[in-house]
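The block underneath contains the structure these notes are about, expressed in structure tokens.
The values are calculated or read from the model by the stated rules, or taken from the named source; none is laboratory data. Because the structure is predicted, anything quoted here is derived from the model rather than measured. Every residue, glycine among them, receives a Cβ derived from its backbone with ideal geometry; neighbour counts consider all protein chains shown. When the accessible area is computed, the model is the full protein with side chains, heavy atoms only, and any ligands, DNA or RNA have been set aside. Shrake-Rupley method; radii C 1.70, N 1.55, O 1.52, S 1.80 Å.
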Amino acid sequence: MAEPTTALNDKAACGTKPAPTCTLVIFGAGGDLTKRLLMPSLYNLAGAGLLSEGFSILGIDHNDGTDESLRENLTRTLEAFSKDPTSEFHADHIDPTSWGFIRDRLHYLKGDFEKPETYAAVKQRVSGSAVFYCAVAARFFGTIVDGLGQAGLLKQEGDSFRRVVIEKPFGSDLDSARALNARILKQGDESQFYRIDHFLGKETVQSIMAFRFANGLLEPVWRREYIDSIQITAAETVGVEERGGFYEPTGALRDMVPNHMFQLLCMVGMEPPNSFDAEAVRTEKAKLAEAVRPIPPEDAVRGQYTAGTSEGRDVPAYRDEPQVAKDSVTETYIALKLHIENWRWAGVPFYIRTGKRMTGRRTEIAILFKPAPFKMFEDTPTADLGPTVMRILIDPDHGVSTEFNVKVPGPQMKIGRVRSGFHYKDFFADRPNVGYETLLYDCMTGDATLFQRADNIEAGWAAVEPLLKGWPQAEVAFYPAGSTGPKEADDLLARDGRHWLGLDGQTD
């Protein structure tokens, strides 16, 4: 029987208190995000004993409904997701106690996000502390915050708090991100807004800071004097499929780079904060993002998948997916080279790639150290000394892998490659976790460490602004589904005398 707990269960076992009593108000209660991610996360938090007895949920959507209809609908979908192997959430069965805790606290309100009456009704239903979650399309973010502010729902009195969680995409370029930040900050203080990036909910992403800063072995070599380059990869085997309506005006660059990929960049590149206080960590992240040199078009490659074979089955081209234009130039793949202008990283290229319909599913950060001098090995049967490569494995593997050179047993000095490392599952209990548990808990407890600040968001958009403004729409390189990406992406590294690491975990 699967435990209805998460890694947060360890917190509960160590005496971590349940989150303060509050009401979680979900705008978009009938949407996929609520069903697929928020409800399973709340179920896991309940099982871990990290929600207070006074916790309640108010779901808001535009369709007719009642408390009971919402409860029945979410019960059915949770049961369905628990048995879906493609879902983040799966279990042998739903624990009735844990789900009963959530189910009994679900309430429904029909409302139009654009009408003041909706917020007046919310005010009648919510007292004390509250978290307002915008699980809606991005066009409603500003509208909802305006409505909350104008109704007085963001006023904090006494010990109560009022916080707003805003999903991505936060803006579609630098100007829109600045405008949205300015708009929401008219209604409340920066400390009340939690810009969420679910990549930071992954345990292996959070552990990067501990891996870097809790091990004295790494810090002395984590710099330009010893590191040749860094590759950050987020490859998916899935295609756009039914999300064409969202993806067409968005594309891989907007969808992945200023948020997900830059969060990984900040984790691996930031300076050590003085403490794990939220503002100390977020300040170092912002400083790193602000040091990224704006990326010129010649240092980027846009790709789009064509028909091919993925995981043993034939799949259509992006242009043949539902709600996609037949002549679309939207990119499903992006490869970038960027530079960070600070004392630690100057001269070290960071290569970023992310794409759909790739040959393998893999999210990792690979640190390639500078090779050893070849002189002493030139008269031995050693054709090459490959670099030491350290991979921080994020998905689907979780751990660290290091590849380095050793002597092959025998009478001659012959060098071979070996690999060592660890997997989290070999040392720690593997518990169900959809990635939002920690984020929801931290928001309710007021810990903003894993959430993006306004300056961090804007710095990410500023780095890619030259691409959005100066990239000719026609420059799209095509790659067959099930491949490693377009040839032009290989050329991007080849001109520097480098190559991408394999998506199968191999160096070549």
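At a glance:
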| read-out | value |
| --- | --- |
| DSSP-loop chymotrypsin sites (Phe, Trp or Tyr not before Pro) across the range 311-363, with at most 11 other Cβ within 10 angstrom | 343 |
| Counted charge near residue 468, where neighbours are those whose Cβ lies closer than 12 Å (Asp, Glu -1; Lys, Arg +1) | -1 |
| Net lengthening on full extension, residue 490/residue 279 (0.36 nm per residue, minus Cα-Cα) | 72.1 nm |
| Antiparallel DSSP beta bridges within the chain, as percent of all bridges there, nearest 5 | 55 |
| Over the range 101-200, relative contact order from alpha-carbon pairs under 8 Å, at least 6 apart, % | 28 |
| Relative contact order for the range 137-259, counting Cα pairs under 8 Å that sit 6 or more residues apart, in percent | 24 |
| Length-normalised contact order for the chain - Cα pairs under 8 Å, 6+ apart - percent | 18 |
| Equivalent ellipsoid semi-axes - Cα gyration tensor, the range 184-299, angstrom | 27, 21, 15 |
| Long pairs among 35/168; 202/356; 83/168; 168/287; 17/123, criterion Cα-Cα beyond 23 Å | 83/168; 17/123 |
| Per-residue HN-Hα couplings for the range 219-225 [Karplus 6.51, -1.76, 1.60; θ = phi - 60°; Hz; x = Gly/Pro] | 4, x, 9, 8, 6, 5, 5 |
| Along the chain, longest interval not containing exposed GluC sites (Glu not before Pro), exposed being DSSP loop plus at most 13 other Cβ atoms within 10 Å | 379-474 |
| Area of residue 455 that stays accessible when all protein chains are in place (1.4 Å probe, Å², to 10) | 50 |
| Exposure ranking of 254, 125 by accessible area [1.4 Å probe, largest first] | 125, 254 |
